[in-house]
1. Any residue in the range 24-32 that is closer than 21 Å to Leu138 by Cβ, in contact (Cβ under 8 Å) with a residue 40 or more places away in the chain, surrounded by 14 or more Cβ atoms within 10 Å (Cβ to Cβ) and of a type in the set (S, T, N, Q)?
2. Taking the range 71-90 only, how many residues are surrounded by 10 or more Cβ atoms within 10 Å (Cβ to Cβ) and free of Cβ contacts under 8 Å to residues at least 12 places away in the same chain?
3. Which residues, counting only those in the range 83-106, are of a type in the set (S, T, N, Q) and either within 15 Å of Thr49 (Cβ to Cβ) or modelled with pLDDT of 95 or more (or both)?
4. In the set Ile136, Ile111, Ile116, which member is at pLDDT 95 or above and in a strand (DSSP E or B)?
5. Mind listing whichever residues of the range 142-156 are among the charged types (D, E, K, R) and under 17 Å from Ile16 (Cβ atoms)?
6. Would a scan of the range 57-70 turn up a residue that is of a type in the set (Gly, Ala, Ser) and within 17 Å of Gly113 (Cα to Cα)?
7. Restricting attention to the range 139-166, which residues are aliphatic (A, V, I, L, M) and either in a loop (DSSP other than H, G, I, E, B) or loosely packed, with under 14 Cβ neighbours inside 10 Å (or both)?
Amino acid sequence: MRKISLYIAASLDGYIAKSDGDIKWLVDFPNPEKDDFGYNHFIKEVETTLMGGVTFRQIADFEEWPYPDKENFVFTRQRGEESALVTFITSDVVDFVKELRKKKGGLIWLIGGGSINTIFMQNDLVDEIILTVVPIVLGDGIPLFAKGDLNKTMKLQKTEAFSNGMVQLTYSKQ
């Protein structure tokens with residue numbers, strides 16, 4: 001069965017973006033050592049990306065699509081403009097993912113956002129969380145997980161501290 005990894009950054013107070021979806025605080029955070037926080041190694045293993053509609057719309061605003069060599073699925077209630085780069089999924093998230101995991105292939109990256117992260121956690125679909133904690137307090141925004149009944153325990157596998165104060169925590173399913 002294919003592994004699903006949530007690789008994501010969050011503020012100290014647990015937000016992955018500001019309320020309007022802005023992640024400029026993350027992009028602009030000082031990184032004098034030019035660390036990639038393991039991203040280049042991680043992305044080489046990824047064959048498939050999964051994301052919610054809000055996250056897709058934010059990424060679609062980038063100058064160019066960052067995952068052209070990946071199989072990309074967007075979970076949404078509203079179909080977007082068809083694209084050769086992404087497939088929009090309006091059917092049941094859990095059923096779709098369970099079938100996807102059975103297919104031959106490599107790592108599946110759950111990009112986010114908070115609502116889809118919650119659905120995956122509630123349905124025990126996340127095998128690994130690689131969380132980079134950014135030492136900034138936003139006070140408000142889009143949380144890493146939406147409100148809901150989660151109560152999932154993960155096992156710490158690895159910690160890594162970076163010179164700019166960020167800390168990366170890797171957890172696996174218990």
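1. Pass one, the range 24-32, residues closer than 21 Å to Leu138 by Cβ: 24-31.
Restricting the remaining residues to those that are in contact (Cβ under 8 Å) with a residue 40 or more places away in the chain gives 25-26, 29-31.
Restricting the remaining residues to those that are surrounded by 14 or more Cβ atoms within 10 Å (Cβ to Cβ) gives 25-26, 29, 31.
Restricting the remaining residues to those that are of a type in the set (S, T, N, Q) gives 31.
Yes; the residues of the range 24-32 include at least one that is closer than 21 Å to Leu138 by Cβ, in contact (Cβ under 8 Å) with a residue 40 or more places away in the chain, surrounded by 14 or more Cβ atoms within 10 Å (Cβ to Cβ) and of a type in the set (S, T, N, Q).
2. So the answer is 2.
3. Taking the range 83-106 first, the residues of a type in the set (S, T, N, Q) are 83, 87, 90-91.
Within the range 83-106, Ser83, Thr87 meet the criteria.
4. Details: Ile136 fails: in a strand (DSSP E or B); Ile116 fails: in a strand (DSSP E or B).
The unique qualifying residue is Ile111.
5. Quick first cut of the range 142-156, residues among the charged types (D, E, K, R) only: 147, 149, 152, 155.
The one that is among the charged types (D, E, K, R) and under 17 Å from Ile16 (Cβ atoms): Lys147.
6. Going residue by residue through the range 57-70, those that are of a type in the set (Gly, Ala, Ser) are 60.
Those still in the list that are within 17 Å of Gly113 (Cα to Cα) too: 60.
Yes - at least one qualifying residue is present in the range 57-70.
7. From the range 139-166, those aliphatic (A, V, I, L, M) are 142, 144, 146, 150, 154, 156, 161, 166; that's our starting set.
Passing the criteria: Leu144, Ala146, Leu150, Leu156, Ala161, Met166.
The values are calculated or read from the model by the stated rules, or taken from the named source; none is laboratory data. Keep in mind that this is a model prediction, so the values were computed, not measured. Heads up, the Cβs are rebuilt from the backbone with ideal geometry, glycines too, and the neighbour counts pull from every protein chain shown.
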